[in-house]
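Novice: Have a look at this one before I ask anything.
The values are calculated or read from the model by the stated rules, or taken from the named source; none is laboratory data. Please read these numbers as outputs of a predicted model, since none were measured by experiment. Here the Cβ positions follow ideal geometry from the backbone for every residue, glycine too, while neighbour counts run over all protein chains shown.
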Amino acid sequence: MTIFIKNEAIIIRSLTSEDELEKLMTLENQVWPADLACSKENFHLRYNYFKDGFLIAVTPNGKTVGSFYGIFYDYYIGRGINWHIDSGDGTGSSHSPNANSMFGISITCSKDAPEGTMRSIVEAWKLLGKKFNKKYIYGGSRLCGFHQYQGSIEDYVKGVSSGKLFDPVLTKWLACGMKPGAIIKNYFEDPESKNYGVEIYLECDS
Ligand SMILES: CC(C)(COP(=O)(O)OP(=O)(O)OC[C@H]1O[C@@H](n2cnc3c(N)ncnc32)[C@H](O)[C@@H]1OP(=O)(O)O)[C@@H](O)C(=O)NCCC(=O)NCCS
């Protein structure tokens, strides 16, 4: 077990054993809509393909408030991402040990997570990428406020990136230091985002 971040509010660490998946599944089912939540079977497949890709966020009194899973996969800015293909349909089977980057398949924070939990998870993800000598951490951000916006996807992403518009997910990735890359069509089936996403990335050495 490796501890990546530890402060008065939060600890971000790897898992101690496969049994801890239960804690992540409980959180997953509290936060994600049923049709988007990762299944129990996929949690175990993820563990078997790349258990080091899991991060768990716990409070000092032991409450699980956040989780992350990522794999190694090749990336360059603007490559585009298809969540299903790149994640091996959510199983992590696409994990490629020698790839240049670390792809974030999923991040989740509970509504009562201490302030700074998401930022600490991103920081720990970067440390994990660095530990394995990867160039980028990257993923796709959902754009779950887009269904309420009247204009084009390009204008929406520009507006959120410049801080004029708020998106419940992309705004937070950017606040945590991730940079926006290319717009992704058909990121995954996600009605709120109208299936769009946007690449988010960070150099591990930054
Ligand atoms: C997306 C998700 C992980 C964000 O977690 P969260 O706990 O709501 O995030 P936070 O409130 O800590 O916000 C993260 C950062 O954004 C900032 N932020 C929040 N609202 C903001 C706003 N209106 N304007 C600017 N910055 C804002 C926060 O201040 C924080 O930065 P800080 O640590 O420097 O203070 C969480 O909502 C979640 O699990 N959602 C469901 C699953 C999901 O959609 N995952 C993402 C898939 S791409």
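Novice: Check G90, G104 and return the single one that is closer than 23 Å to K51 by Cβ and in contact with a His (Cβ under 9 Å, 6 or more places away or on another chain).
Specialist: On inspection, the qualifying residue turns out to be G90.
Novice: Report yes if I183 is of a type in the set (V, I, T), under 22 Å from F4 (Cβ atoms) and at pLDDT 95 or above, otherwise no.
Specialist: No: the conditions fail for I183.
Novice: Quick check on my filter: what residues within the range 23-47 are loosely packed, with under 12 Cβ neighbours inside 10 Å and more than 16 Å from the ligand (Cβ to nearest atom)?
Specialist: E41
Novice: Out of the residues in the range 151-174 that are in a helix (DSSP H, G or I) and within 16 Å of K185 (Cβ to Cβ), state the one that is nearest to the chain's Cα centre (by Cα).
Specialist: Out of the qualifying residues, it is L170.
Novice: Something else about it: At pLDDT below 95 and within 13 Å of the ligand (Cβ to nearest atom): does that describe F188?
Specialist: Criteria met by F188.
Novice: Now for a separate question. Of all residues in the range 76-121, which are closer than 20 Å to L15 by Cβ, outside any loop (DSSP other than H, G, I, E, B) and within 9 Å of the ligand (Cβ to nearest atom)?
Specialist: G104, S106, I107, T108, C109, T117, M118, S120, I121
Novice: Let me ask something additional. How many of the residues making up the range 168-181 are surrounded by 15 or more Cβ atoms within 10 Å (Cβ to Cβ) and within 9 Å of the ligand (Cβ to nearest atom)?
Specialist: 7
Novice: How many of the residues in the range 47-87 are over 18 Å from Y187 (Cα atoms) and either over 14 Å from the mean Cα position of the chain (by Cα) or without any contact (Cβ under 8 Å) to a residue 12 or more places away in the chain (or both)?
Specialist: Within the range 47-87, residues that are over 18 Å from Y187 (Cα atoms) and either over 14 Å from the mean Cα position of the chain (by Cα) or without any contact (Cβ under 8 Å) to a residue 12 or more places away in the chain (or both) number 14.
Novice: While we're here: Do you know which residues across the range 16-38 are part of a loop (DSSP other than H, G, I, E, B) and either under 18 Å from S110 (Cα atoms) or charged (D, E, K, R) (or both)?
Specialist: Matches in the range 16-38: W32, P33, A34, D35, L36, A37, C38.
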